[in-house]
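Please treat every number below as a calculation from the coordinates, not as lab data. Quantities reported herein were computed from a predicted structural model and do not represent experimental measurements. Please note: Cβ atoms are built from the backbone with ideal geometry, for glycine as well, and neighbour counts cover all protein chains shown.
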């Protein structure tokens, strides 16, 4: 079963662009060989680490979004553990989280529609309906500033 994973790895700050490209090529070759797809790669660049790892205070961060099986990610994990260029790596499955978010959004939308129909309103919000923002021009100046004179309030 193919699932979506995010792989983030931190490479040594001394790594050259050629070495990082070779490392990315190795990961891409593993993904291709095991029937997965590399959906996206983001090179976040050189950043300061949260804490010192070995003698490193900085590292090159790279994010890969991979669609594949658990066996594919086990193989990538095994390979990254033995590559000296990689300081740390983390693999996270994100498809479950996306499914939960979509389910919650759908449930909220259905609840809102049901409540609006029970109040005799159309199921969808209409333009101009809802709470006013602070930028509405039809309110008087004292409301817009959020200030009221004490004498007016009495």
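Residues in region 19-55 that are over 18 Å from the mean Cα position of the chain (by Cα), over 30 Å from residue 1 (Cα atoms) and loosely packed, with under 15 Cβ neighbours inside 10 Å: 10 in all. Taking region 57-72 as the range and being surrounded by fewer than 21 Cβ atoms within 10 Å (Cβ to Cβ) and touching a residue at least 60 places away in the same chain (Cβ under 8 Å) as the test, the residues that pass are 65, 67, 69, 70. In this structure, residue 7 does satisfy being under 16 Å from residue 86 (Cα atoms), surrounded by 12 or more Cβ atoms within 10 Å (Cβ to Cβ) and in contact (Cβ under 8 Å) with a residue 12 or more places away in the chain.
A search for C-beta distances below 7 Å between a residue of region 91-120 that is without any contact (Cβ under 8 Å) to a residue 24 or more places away in the chain and any residue that is outside any helix (DSSP H, G or I), counting only pairs 6+ apart in sequence or on different chains, returns 113/123; 116/122; 116/123; 117/123.
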